[in-house]
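So the structure is just underneath, and the comments pick up after that.
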Amino acid sequence: MTRVQLALNVSDLEAAVAFYSKLFDAPPAKRRPGYANFAIEEPPLKLVLVEGHGAPGTLNHLGVEVPSTDEVRATQRRLAATGLATATEDEVECCYALQDKVWVDAPDGEPWEVYTVLEDVEMAPGELRSVEPTADAACCASAPESASRCC
């Protein structure tokens, strides 16, 4: 399934999970310390809640979850062909999942990722990435908040 991802910074994960569970009439698909995500079928949405990273109530990043690495690569080629700077990450551990992804920044600096989940993984509590995006990666260089990006 392809769905839009919205990752929000929250101050109180329990309160946020309670609210979004009611709003979407669905429980979280994944819960870890300081982290939860919802895989909403209708409307197709991946809602990610990140506690303790960035100002509460602010956008962490946006994304599109796709079903395969082939679709991630096709998106990277399509975006690059239009002249957009992209940064790819293969088999990166991020938000309790092994992922392949491509990043691109919108004109105002909003980071977007197109990604696929290869498998679930465990990570140290509070650690959302096994590595930080490289400072010289095309899309990451233009966004001062790139260190707050996670899944």
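The values are calculated or read from the model by the stated rules, or taken from the named source; none is laboratory data. Keep in mind that what you see is a predicted model, and the values were worked out from it rather than measured. Cβ sites come from the backbone with ideal geometry, for glycine too, and all protein chains shown count toward neighbours. Each accessible area value is taken on the protein alone, full model and side chains, heavy atoms only, with ligands, DNA and RNA left out. Shrake-Rupley method; radii C 1.70, N 1.55, O 1.52, S 1.80 Å.
Could you order Arg31, Arg78, Arg73, Arg3 by accessible surface area, starting with the largest, using a probe radius of 1.4 Å?
Arg78, Arg73, Arg31, Arg3
Under 16 Å from a point placed 7 Å out from the Cα of Leu84 along the Cα-to-Cβ direction: which residues of region 91-127 have their backbone N that close?
Only 101-116 fall inside the zone, counting backbone N under 16 Å.
Note down the net charge around Tyr115, summing +1 for each Lys or Arg and -1 for each Asp or Glu among other residues with Cβ under 9 Å from its Cβ.
Local charge sum for Tyr115: -3.
Glu127 label point, 7 Å along Cα→Cβ, cut-off 12 Å on backbone N: hits in region 17-51?
Taking a point 7 Å out along Cα→Cβ of Glu127, no residue of region 17-51 has its backbone N under 12 Å.
Working with all protein chains in place, sort Arg77, Arg32 by solvent-accessible area computed with a 1.4 Å probe, largest first.
So, going from the largest accessible area down, we get Arg77, Arg32.
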